[in-house]
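Colleague: Here it is, the structure in full.
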Amino acid sequence: MVLQRRVWSTLFGLAGLTMGSSSCGEPLKIREPAPRSVVVCDDFNQTVYWGPDKNEDWIRVLSRVREADGTWDKVEHIYHAPFEVQSVAGRQSDEFYVAGRSSTGEDVIERWRLSTNQGACFFDIETTASPIGVSAPALPRTSRGIVGGGAYVSSATRRVTPEVERQELCRGFEFGGVVDLSPDPEGRFVIVLGKAPRALYRLPIAAGAVPTLVFTSADLPLLARTDQIYRRQHPTDGRTYVLRGDARFLPGVFHLALFDRDNDGEFEEARELDEAECKAGVWLTDFTTYASPR
């Protein structure tokens with residue numbers, strides 16, 4: 001669905017004065033990049049961290065697996081990035097999207113694929129062949145298991161860091177820095193929150209992709225104060241991207257939801273969520289937390 005900018009400006013023209021009143025959580029205090037969950041299951045968790053260390057930027061992938069005897073096996077892999085890392089988000093356990101800034105000031109977004117070792121846990125989300133603009137209403141199927149089949153092999157036995165296959169999706173100055181990004185669960189595109197000026201883009205997952213401008217702060221005034229993007233699935237409103245930000249004049253934070261009800265990559269509605277709508281029980285899934293198969 002193509003939306004006229006004047007419609008959005010009318011709907012949210014008073015947002016800077018009347019919105020931001022909800023207090024869904026604690027005050028936003030982000031001094032360093034916070035860790036981001038990729039997979040949360042009963043017996044398999046994966047988290048990604050990033051930041052500078054000794055004049056180099058690194059990405060750290062931490063996985064925890066509960067073994068048959070109930071103990072947790074922890075394995076950590078650290079990768080150095082060739083640019084200043086600004087944000088990282090995972091689509092599944094071996095696929096990450098990395099945003100950074102080069103030494104010449106260009107914004108860079110890459111897809112990183114890890115060559116998961118034999119005997120390690122994996123968690124995959126099924127991709128779709130439906131292009132942007134074509135609805136994909138069903139939730140993607142997921143799979144969870146051991147690479148190569150058989151029993152889990154502890155990290156002490158494997159002792160091999162998975163190699164990374166990097167694919168550059170785009171490079172340029174259009175974003176003015178990347179505040180955050182969130183990959184489409186089906187692997188079609190990445191939603192990117194640009195920094196200067198604050199704007200939201202959709203970037204196809206393909207080499208040499210050209211970003212599409214979705215919203216500016218003129219369209220959605222609350223966008224100017226957002227810092228993080230989360231993907232969700234609502235039982236009636238379908239695919240949703242939630243942007244979180246500082247409420248500035250009021251305690252707590254606000255959450256701006258963008259609804260893509262038929263999951264075609266185009267947003268039909270944007271509105272601020274109230275406190276009840278922010279609760280975890282409202283959503284079908286956050287594309288991170290899943291029950292582990294038995």
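Colleague: Give 158, 141, 111 a once-over and let me know the one that is of a type in the set (D, E, K, R) and free of Cβ contacts under 8 Å to residues at least 24 places away in the same chain.
Modeller: After ruling out the rest, the residue left standing is 141.
Colleague: Scan the stretch 154-189 for residues that are farther than 17 Å from residue 106 by Cβ, in a strand (DSSP E or B) and of a type in the set (Val, Ile, Thr) and jot them down.
Modeller: 164, the sole residue that qualifies.
Colleague: Before we move on, is residue 258 modelled with pLDDT of 90 or more, surrounded by 17 or more Cβ atoms within 10 Å (Cβ to Cβ), farther than 19 Å from residue 128 by Cβ and touching a helix residue (DSSP H, G or I) at 6+ places or on another chain (Cβ under 9 Å)?
Modeller: no
Colleague: Tell me yes or no: at least one residue of the stretch 269-289 is assigned to a strand (DSSP E or B), closer than 20 Å to residue 134 by Cβ and under 17 Å from the mean Cα position of the chain (by Cα).
Modeller: There is no residue in the stretch 269-289 that is assigned to a strand (DSSP E or B), closer than 20 Å to residue 134 by Cβ and under 17 Å from the mean Cα position of the chain (by Cα).
Colleague: Let me ask something else about it. Identify all residues within the stretch 121-138 that are of a type in the set (A, V, I, L, M, F, W, C), in contact (Cβ under 8 Å) with a residue 40 or more places away in the chain and over 17 Å from residue 205 (Cα atoms); write none if there are none.
Modeller: Those that are of a type in the set (A, V, I, L, M, F, W, C), in contact (Cβ under 8 Å) with a residue 40 or more places away in the chain and over 17 Å from residue 205 (Cα atoms): 121, 123.
Colleague: Can you name the residue in the stretch 136-153 that is surrounded by 15 or more Cβ atoms within 10 Å (Cβ to Cβ) and out of contact with any Ser or Thr (no Cβ under 6 Å at 6 or more places or on another chain) and is also nearest to residue 284 (Cα to Cα) among such residues?
Modeller: Applying the filter and picking the extreme gives 139.
Colleague: Related question: If I ask for residues that are over 22 Å from residue 125 (Cβ atoms) and modelled with pLDDT of 95 or more, which ones from the stretch 175-197 would you list?
Modeller: Once the filter is applied, which keeps residues that are over 22 Å from residue 125 (Cβ atoms) and modelled with pLDDT of 95 or more, the stretch 175-197 yields 175, 176, 177, 178, 179, 194, 195.
Colleague: Name every residue in the stretch 219-255 that is among the hydroxyl-bearing types (Ser, Thr, Tyr), within 22 Å of residue 132 (Cβ to Cβ) and modelled with pLDDT under 95, in order of residue number.
Modeller: If the condition is that a residue be among the hydroxyl-bearing types (Ser, Thr, Tyr), within 22 Å of residue 132 (Cβ to Cβ) and modelled with pLDDT under 95, then 230 is the only one that fits.
Colleague: While we're here: For the stretch 41-51: of the residues being in a strand (DSSP E or B) and in contact (Cβ under 8 Å) with a residue 60 or more places away in the chain, which is surrounded by the fewest Cβ atoms within 10 Å (Cβ to Cβ)?
Modeller: In this case the residue turns out to be 44.
Colleague: Out of the strands (runs of 3 or more DSSP E) lying entirely within the stretch 52-150, which hold 3 or more residues that are farther than 26 Å from residue 174 by Cα?
Modeller: Hits in the stretch 52-150: 56-66, 72-81, 121-125, 142-146.
Colleague: What pairs can you find where one residue is in the stretch 73-91 and hydroxyl-bearing (Ser, Thr, Tyr), the other is outside any strand (DSSP E or B), and their Cβ atoms are less than 9 Å apart, with a gap of 6+ or different chains?
Modeller: 79/161; 87/33
Colleague: Exactly one of (1) touching a residue at least 40 places away in the same chain (Cβ under 8 Å); (2) closer than 27 Å to residue 174 by Cβ; (3) in a strand (DSSP E or B) is unmet by residue 207. Its number?
Modeller: Residue 207 satisfies every listed condition except (3).
The values are calculated or read from the model by the stated rules, or taken from the named source; none is laboratory data. The model shown is predicted, which means the values in this text are computed figures rather than measured ones. Note that each Cβ is placed from the backbone with ideal geometry, even for glycine, and that neighbours are counted across all protein chains shown.
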